[in-house]
Amino acid sequence: MKLRFISLLVILLITTQSCISRKQTVYLQNADEITQTDQLIQRTPPYKVQINDMLYINIKAENQQLVEMFNASKDGSAGGSATSLYFDGYSVDDHGNIRIPVLGEMNVLGYTTEEIRKLIEQRLLDDYLTASTNLFVTVKLAGLTYTVIGEVGGPGTKTLYQEKVNILEALANSGDITITGDRKDVVLIRQYPTGKGIHHLDLTDASLMQSPYFYILPNDMIYIKPLPQKSLGTGTTGLQTFTTIFSIVSVVTSTILLINNL
């Protein structure tokens, strides 16, 4: 009788510690505690171009023939596919420079896309064109590329053609976090001019939307760690855990009883 009681107690203790609770899987909890909804989402400053970024630059004019020589592709467009952007886009080298036809090298490290647009326009107007050309320059990041590894449905390097992407959108595009992924301690690895920085995010807390890391940046890496339950292999739900532990304890109990009867 005592052995059965101890076995049942062990099952209950391990079950409560091993199964994955609802609080570990629900995103943005306690949102009702944040009263200032207009301040809920952190205002992020404009992104400044860094090494290895890829830029899309398109130069147009009323007479397109006047500016064709300044464009990387014949039609003045980088197309839309990842392949065309790779060949016709402008990669920022290790010194922070890009090479534009005719204009040559231009340093863009630490500039926003809007600032780069103004620099290109000014140089064209100063050296090659006049105001009557009706110059129109577009500068954008050639897609927002990031990498997700760990406990997600589809790990790998992804590219989204959007101006801004938050971390929840990035994870949704990667198949979302699996049931055994740790949403309370997501690791964000970000590239800075001085090196890489590591940040820890709690996706279950609504205050995440006020974090400066809510929106991802180009070349970010997101790592989703596994919960301890995955390493234990006891199951992700209470029923699965109970079934697994019950089977183990039954085998152990049967073995003890068999030994005692010998």
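The values are calculated or read from the model by the stated rules, or taken from the named source; none is laboratory data. What you are looking at is a predicted structure, and each value in this text was computed from that prediction instead of being measured. A quick note on method: Cβ atoms are made from the backbone with ideal geometry, for glycine too, and the neighbour counts reach across all protein chains shown.
Across the stretch 124-166, what is the number of residues that are in a helix (DSSP H, G or I) and in contact with a strand residue (DSSP E or B) (Cβ under 7 Å, 6 or more places away or on another chain)? It would help to see each step written out before you state the result.
In the first step, residues of the stretch 124-166 are kept if they are in a helix (DSSP H, G or I); the result is 124-127, 131-133.
Subsequent filtering for residues that are in contact with a strand residue (DSSP E or B) (Cβ under 7 Å, 6 or more places away or on another chain) retains none.
Total meeting the criteria: 0.
Kindly indicate which of Glu163, Glu121, Glu151, Glu115 is of a type outside the set (Gly, Ala, Ser) and farther than 28 Å from Gly96 by Cα. Step through it out loud before you land on a result.
Details: Glu163 fails: farther than 28 Å from Gly96 by Cα; Glu121 fails: farther than 28 Å from Gly96 by Cα; Glu115 fails: farther than 28 Å from Gly96 by Cα.
After ruling out the rest, the residue left standing is Glu151.
Residue by residue through the stretch 154-178, note down the ones that are surrounded by fewer than 14 Cβ atoms within 10 Å (Cβ to Cβ) and farther than 25 Å from Gln210 by Cβ.
Gly154, Gly156, Thr157, Gly175
I'm trying to understand the selection: among the residues of the stretch 198-216, which are over 15 Å from Asn173 (Cα atoms) and either at pLDDT 95 or above or assigned to a loop (DSSP other than H, G, I, E, B) (or both)?
Within the stretch 198-216, Ile198, His199, His200, Leu201, Asp202, Leu203, Thr204, Ser211, Pro212, Tyr213, Phe214 qualify.
Out of the stretch 100-115, which residues are within 25 Å of the chain's Cα centre (by Cα) and of a type in the set (A, V, I, L, M)?
Step one: filter the stretch 100-115 for residues within 25 Å of the chain's Cα centre (by Cα), giving 108-114.
Within the stretch 100-115, Val108, Leu109 meet the criteria.
Here are some residues: Ala61, Ala31. Which one is at pLDDT 90 or above and touching a helix residue (DSSP H, G or I) at 6+ places or on another chain (Cβ under 7 Å)?
Ala61
Being surrounded by 13 or more Cβ atoms within 10 Å (Cβ to Cβ) and within 17 Å of Ile224 (Cβ to Cβ) is the filter here, so list the residues in the stretch 196-210 that pass it.
Hits for the stretch 196-210 are His199, Leu201, Asp202, Leu203, Thr204, Asp205, Leu208.
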